[in-house]
1. It is to be established whether one or more residues within the stretch A:113-132 are buried (at least 20 other Cβ atoms within 10 Å of the Cβ), facing another protein chain (nearest Cβ under 10 Å) and either hydrophobic (A, V, I, L, M, F, W, C) or farther than 19 Å from A:Asp159 by Cα (or both).
2. What residue, among those in the stretch A:71-97 that are under 17 Å from A:Arg152 (Cα atoms) and surrounded by fewer than 24 Cβ atoms within 10 Å (Cβ to Cβ), is farthest from the other protein chains (Cβ to nearest Cβ)?
3. Based on what the data block shows, is B:Ala65 modelled with pLDDT under 75, surrounded by fewer than 20 Cβ atoms within 10 Å (Cβ to Cβ) and closer than 21 Å to B:Ile229 by Cα?
4. For the list (1) facing chain B (nearest Cβ under 10 Å); (2) surrounded by fewer than 23 Cβ atoms within 10 Å (Cβ to Cβ); (3) on the phi > 0 side of the Ramachandran plot, I need the number of the one condition that A:Thr51 fails.
5. Among what's in the stretch A:253-300 and is more than 14 Å from A:Asp223 (Cα to Cα) and modelled with pLDDT under 80, pick the residue that is surrounded by the most Cβ atoms within 10 Å (Cβ to Cβ).
6. Which one is modelled with the highest pLDDT among residues in the stretch B:2-20 that are part of a helix (DSSP H, G or I) and surrounded by fewer than 15 Cβ atoms within 10 Å (Cβ to Cβ)?
7. Restricting to the stretch B:69-97, and then to whatever is modelled with pLDDT under 90 and out of contact with any Phe, Trp or Tyr (no Cβ under 9 Å at 6 or more places or on another chain), can you tell me which residue is farthest from the other protein chains (Cβ to nearest Cβ)?
8. Take the residues in the stretch A:100-112 that are in contact (Cβ under 8 Å) with a residue 24 or more places away in the chain, buried (at least 21 other Cβ atoms within 10 Å of the Cβ) and among the aliphatic types (A, V, I, L, M), then tell me which one is nearest to the other protein chains (Cβ to nearest Cβ).
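The values are calculated or read from the model by the stated rules, or taken from the named source; none is laboratory data. Since the model is a prediction, treat every value here as computed from it, not as a measurement. All Cβ positions, even for glycine, are placed from backbone atoms using ideal geometry, and neighbour counts span all protein chains on display.
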Amino acid sequence: MNVVEANNIVKTFGDVVALEGVSIAIEEGMIYGLLGPNGAGKTTLIRVLTTLLKPDTGTASVAGIDVVADPVGVRHKIGLAGQFAAVDDFLTGRENVEMVGRLYNLSKEDAARQAEEVLTRIRLIDAADRPVRTYSGGMRRRLDLAASMVGRPQVLFLDEPSTGVDPGSRLDLWDLIEELVDAGTSLLLTTQYLDEADRLADRIGVIDRGSLIDEGTSDELKDRMGGNVVEVHVVPDDRATAAGALTTVAGGELVTEGQALLVPAIDGARTLTAAVRALDNVGVEPQDIGLRRPTLDDVFLTLTGHRAEERSRDEAQDLSQDGGRRV
Amino acid sequence: MTTVTGHRQRVKFSNALSHTAVITKRNTLRVVRLPQLLLFSTIQPVMFLLLFNYVFGGAIAIGGAQGGAAGSDNYINWLIPGILVQTAVFGATATALGLTEDLGAGVIDRFRSLPMARSAVLAGRTIADLVRNTFVNGLMLIVGFLMGWRFEQGIPKMLLGVALALLFGYAFSWVMATIGLVAKTPEAAQSAGFLPIFPLVFASSVFVPTQGMPGWLQVFAENQPVSIIANAVRSLMVPEQTLAALGLHQSTLIWQSFAWIAIIIAVFGPLAVRQYRRSVG
């Protein structure tokens, strides 16, 4: 059964189309990673699914409940950890989690019991009675995650869970997220980090400019890139010549990635040898050349024509993410 | 799609009340746990009290100077009722600030993703601000008492006066909630909030009698709510025999005050709720 279903969701803010007919389905017990740059529409989709925003058109359900027809029903089934750690500095960690429990209609005793349980699980129990203002960024994020777990939601929505978390805590956070899913929670997380999606998600949806442009497991997406690539670095003056020569040996379209030329290598090492020869024939000496397995970054580049983290200043972005919050 | 249709869950009223209590407690704890907030929100009104009494007090002649305890020799008895209203109105700006801060920090999103009553966010905010205003006004009374302020019509009437000032402050919290939710950022909310407050508080009978103002301003000053409330509070505190000399008609002022409080809540309550729905998508 699908715990989350979105069908053809459209959402616009004024002239800006934040979501242009997005459909996804998440199976029970799965981590679904929504991968895309800032402004792709990830947050807007999360806000629609968590009943914070009404879609213009399209339908969505969570745990079989329609998000528009019965938002309160949906809220009983979900937990949300938004882009900012929405925890109160002046309360202790325990008070923060207990408050959410009370707002979830738990009795005082149940709220206290669940807070204890959740804080233990998230490994914050030792700091539970300290004010949150003494917490590190990673601890705040974990507390936010703890708060979203109160009420034992069936589906958790994590919007860029590792933003603002230092690299060490990030690994901890990933472990925690994996444990959650092992315990039976289904999870939708958004990320702009390819390694995060790669590591956590059972299924990845690549989203860009409000549309889902591809979907599959990490391996499927990489395979669609045509397997391996030969990565070639040449001096700028040689670029055009090199590109011309490499096209003849490429098993697909040549892609430019920053300073590098990526040659789809259907024949693996043989394509590499061919590439070296082709360059030699036109008198270009590569600065660096090598065979490598594609990363999700390559996938993204192939699908969208730009890198995942390049468009952080895009104007549509601020509108769709902030717009989701403010418009 | 596997959608369950035809059944729409609602938040129970008893739950909504308990949500409001939880949010009120949270907002109140913020002030208690961050003492600098309380400190600065009390220093300002006390400063107003001291400045107006000692700097302007000597120069301000009260119309009913012959009216004994409320006379110019005893400006503090004119000032305290006004200052209570002024403090409550200024204090209402905290509603705008608190809401914009919560919006910015994503706290409102967390609340809205929970199966809780939406009204609890606004109700819990305005009630917490009422609690804080009550504390600050209590402090003003103590400082005022030390400065020579006396109430002359007994404790119940004095308390009714304080309650009127606080209720008006509460009603004004809904104005500030609306402004805050339109302004969206704390900085904008701060400036926008004081736009209506300054003319209402200064072109009023809060600090000085309105008789000294130009005619056109008098018309405004005498009929606007802040003056009505300040005069109502005053009419419950100064000696009864001075009421006529000061031109204060107690029972009229009291019902007018309740009417203003009711009107402001009736208009700005729904406006704030509507704006809240819009600002959070």
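1. no
2. This residue is A:Arg94.
3. no
4. (2)
5. Step by step, filter the stretch A:253-300, then rank; the result is A:Val255.
6. B:Leu17
7. Among residues in the stretch B:69-97 that are modelled with pLDDT under 90 and out of contact with any Phe, Trp or Tyr (no Cβ under 9 Å at 6 or more places or on another chain), the one farthest from the other protein chains (Cβ to nearest Cβ) is B:Asp73.
8. A:Val100
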